[in-house]
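Report on the following structure.
Readers should treat all values here as calculations from the given coordinates under stated rules, not as data from a laboratory. All values derive from a computational prediction rather than experimental measurement. Cβ: placed from backbone, ideal geometry, glycine included. Neighbour counts: every protein chain shown.
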Amino acid sequence: MTEIMTYMPITPFRRRVDAVHLDAHREAAAARNAEAVDKWEALRTLAAARTDYGLSDRDLSVLQALISFHPSAMLGETAEAPVVFPSNRALCERLNGMPCSTMRRHLGKLVSAGVIRRRDSPNGKRYARRFGAEKLAFGFDLTPLQHRLPEFRSASARLQAEAEALAQLRQTVSLMRRDAAELALYGPSQCPAPFWAELGALADETARLLRRKPETSLLQSLHRRLSDALAHASALLHPPATEELNTSHAPYEQHIEPKDRIQIETAAEPVCSHSKPAEVSIAETSTDKHGDNRPRCPSPPSVTLDDVLAASPGMETYGGTPIRSWPDLVHASETIRPMLGIPQATWNTARSVLGEIGAAICLASILQRFASIRSHGAYLAKLCAMASKGDLCLDGMVTSGLALARRPSSQL
């Protein structure tokens, strides 16, 4: 008699049977002895995972009103199924006057999502009857909330982790965008190049996309593009430092120059002729420790600016501004020097030994032979050492550069 009275129907009243109803009936039959759960905890957990089940906040509002008709705070604490049977009018009143048609639509979504089950009576009405000690209720069965709570918890934790990862990725992209925008403004003053305009355009594009709440895939694409762009900007602003020659004064230390440390084309470094006493160095003459007077590098006025620019046309290209005078050449060399990776200390030494114009002429010669010189800083240091001994001739460097510039490309 008990099994007859507690029979749970499979089909709904005046509704077609579908896979949802059959699956719900099978799950209910398989999970009859689940432990009791707090109905409000189940509601909060489902609310956090509602997007996985296609539910909206209005659907959950109807579910909240529905479970409020359950007298106990726990679902499944008794042997009886947690079935509530409010009328449509009572349910709409508890939903602050929601239209009945709207309420029924949300109930249908809850049933389709498998969150609640319909337990319809023979005539489709919702009511409860007692037969002695047994109670038989028809209405909405809240058992799925009790049985599926572990599933809701898992989905809620996964969605929360995804949301945190998305927020962190968005924050990182926002910080990278800010750096890109600032570097795009700062970069041209240190190292003129078309890249800075591209970096600024990427920063503006990222700002527009961030205002639209992009998805994870788009944020990951922006992160990769910004990472590559910022790495390139760092390489332009901070080129690899050239290893300096060892100047330690340790009494027992020996300096051994590796064979592949510096490759300098000695044929491209013309030796200054001592038969021209009129061509005196910028810094006059110097006396070594033996008292020998040796001329240093010839004076720049013996070299025309047009010859220097013809020997190294890249000075105007990378300098960023037209070169019309010697000061313009000096300014261009200050701009190009970081691009060649020449350390500031080596550059200061070159200016003190060769003078500002002489150092600029040497840098123009280095730029012309950019591909054939492995270490530009060490090359300039070698030229300074030759100039201090009087073995460097700027005229010959420019003449050699002119010959190199006029050589057909097939012979280079």
Given R₀ = 56 Å, FRET efficiency for residue 70-residue 348 by Cβ-Cβ distance, to 0.05?
0.10
Let me know the shape class of the range 76-125, please: from the alpha-carbon gyration tensor, a ≥ b ≥ c as square roots of the eigenvalues, rounded when a/c is under 1.5, otherwise prolate if a/b is greater than b/c, or oblate.
prolate
Which far-off residues, 5 or more places away or on another chain, put their amide H under 5 Å from the one on residue 375, with H placed in the peptide plane?
263
Highest mean first, what order results for 360-371, 173-184 on Cβ atoms within 10 Å?
360-371, 173-184
Quick one: if you stick a label point 7 Å off each Cα along the C-beta vector at residue 221 and residue 235, how many nm between them?
2.4 nm
What order do you get for 151-158, 58-65 when each peptide is scored by the mean count of other beta carbon atoms within 10 Å, highest first?
58-65, 151-158
